[in-house]
1. Between the range 1-54 and the range 140-184, how far is it from one alpha carbon centroid to the other, in angstrom?
2. When ligands, DNA and RNA are left out and all protein chains stay put, how many square angstrom of accessible area per residue does the chain have with a 1.4 Å probe?
3. Do the alpha carbons of any pairs in Lys76/Lys305; Lys2/Lys305; Lys144/Lys194; Lys3/Lys305; Lys216/Lys326; Lys103/Lys169 sit beyond 32 Å of each other, and which pairs?
4. At a Förster distance of 41 Å, what's the computed FRET efficiency of Thr77 paired with Thr240, Cβ-Cβ distance as r, to 0.05?
5. What is the antiparallel percent of DSSP beta bridges lying wholly in the range 215-328, to the nearest 5?
6. Nearest 0.05, what FRET efficiency do Phe94 and Asp45 give at R0 = 35 Å with Cβ-Cβ as r?
7. Can you give me the C-alpha center-to-center distance between the range 291-342 and the range 68-136, rounded to a whole angstrom?
8. What Rg and what Dmax come out for the range 211-271 when only alpha-carbon atoms are used, in angstroms?
Amino acid sequence: MKKALFIDRDGTIIREPDDEQIDSLEKLEFVPGAIGALSSLAKLDFVLVMVSNQDGLGTPSFPEEDFHPAHNKMLKTLEGEGVVFDEILIDRSFPQDNAPTRKPRTGLLTAYMDGSYDLAASFVIGDRESDMELARNLGATGLKLGELSWAEIAARVRASERRCTVSRKTAETDISICVDLDGGLESFSDTGLKFFDHMLDQLPHHGGISLQVRCKGDLEVDEHHTVEDVGIALGEALRTALGDKRGIDRYGFALPMDESRAMVLLDLGGRSELVWDVHFTREYVGDVPTEMFRHFFKSMSDAMKANLYVKAEGENNHHIAEAVFKAFARTLRQAVRRDVFKGELPSSKGLL
C-alpha cells in the first residue's frame, strides 16, 4: 500500500515573509536544512505531495506554467537535488471562506483517502498547528518544524520507513513480529521456548535492529511449528522492512565464541537458498531440538528471499548455536546498512 509525505510550503520548505506572500524572487529563501532533508526523503518509498494555503494571492493554481517565477525557482532548485513532487495542491481561498479545501480540512486530499494509501504510515510535515490538525484529520503522523529540526524530521521518517509488523495466525501458531531495521524500539522475545528466546535476543543485540517477537504455539505437540513459523514470519518482516532495498549494502560476512566459531554469508538479492554446514552432537540445547536450528534459518531465508550460507564448528553445543545466531546478526547488520544519500540499487541488473 502506498504512503505519502504531505509537506507544507511556506514556513516549512521556504521562509514565510511578513506579508505571507512569496510573490517575488527576492523573497525566496529556503528554510535551513530543508533541501538536504528533502533530498534524503525523496529517495524513500513515499509519494511527495505539497499542500499549501495561499489566501487568494501568491502562487496561482494550475496550469503549472502559471506558477509564479519564485515558485518555479524553488521547484527547479529542489529538482536539482533529486526532489520532485508527485503532486502540488494549493488552496487559494481566504480563511473566512471556510472552504473544505483549506487546511486543516481535507478537501484537497480526497484522492488520498480512497483506501489505496496507508495514511497511518504517512506523514504531514509543516510549521503550524493547522498542519498538525490536518495530520490528525487524515489519520497520519504530524511532524512540526520548530519542535523538530529538518534533520530530526528526516530521521523520524526514515526510521518509520524501515519498520514492519507481521501477524501470522494458523491452527498451530499465533505470531506477531515487529522489526525496525534502524532500531528505536524496545526488543523482546516471547515464544514459550526459553533457549529460542535467548537466541532471538542475539539478533537485536548484535544486529543493531529492533525485534519484538510474540508467539503462542502448540508446544504441547512439539517445538517444530513454533520455530518454523517464527522463522517464516521473521523472514517476511525483514523482507518487507527492507522495502525496495535502495542504498543498502546487500551483502554481509564471522565471529568466534570461546572454542566455537561461526561464519555466515548473506545476500539480500531476492533469491532463496540455504547452505548449512553445522553439526551438533546433542539432540537438545535447553528446550530446543538442535535439528530445528537449520529449519529456522531455512524458513527465514525462504521468506526473506535471501541466499544464506552458515558454517560453524566447536565442542559446546550451546556455544555453536549462539555463535551462529550472533554471526547472523552481525552479517544482517552489515547487509541492511543503508546510505540514505546514495539511493542506488546494489545490483547491476537494476532490480532486486
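1. 23
2. 46
3. Among Lys76/Lys305; Lys2/Lys305; Lys144/Lys194; Lys3/Lys305; Lys216/Lys326; Lys103/Lys169, the Cα-Cα distance tops 32 Å for Lys76/Lys305; Lys144/Lys194; Lys103/Lys169.
4. Efficiency at R0 = 41 Å is approximately 0.75.
5. So the antiparallel bridges amount to about 70 percent of the total.
6. 0.45
7. Computed from Cα coordinates, the inter-centre distance equals 43 Å.
8. Cα only, the range 211-271: 15.6, 44 Å (Rg, Dmax).
The values are calculated or read from the model by the stated rules, or taken from the named source; none is laboratory data. Note that the structure is a prediction, hence the values are computed from the model and not measured. Because the Cβ atoms are built from the backbone with ideal geometry, glycine has one as well, and the counts that use them run over all protein chains shown. These accessible areas exclude ligands, DNA and RNA; they are computed on the full protein's heavy atoms, side chains included. Shrake-Rupley method; radii C 1.70, N 1.55, O 1.52, S 1.80 Å.
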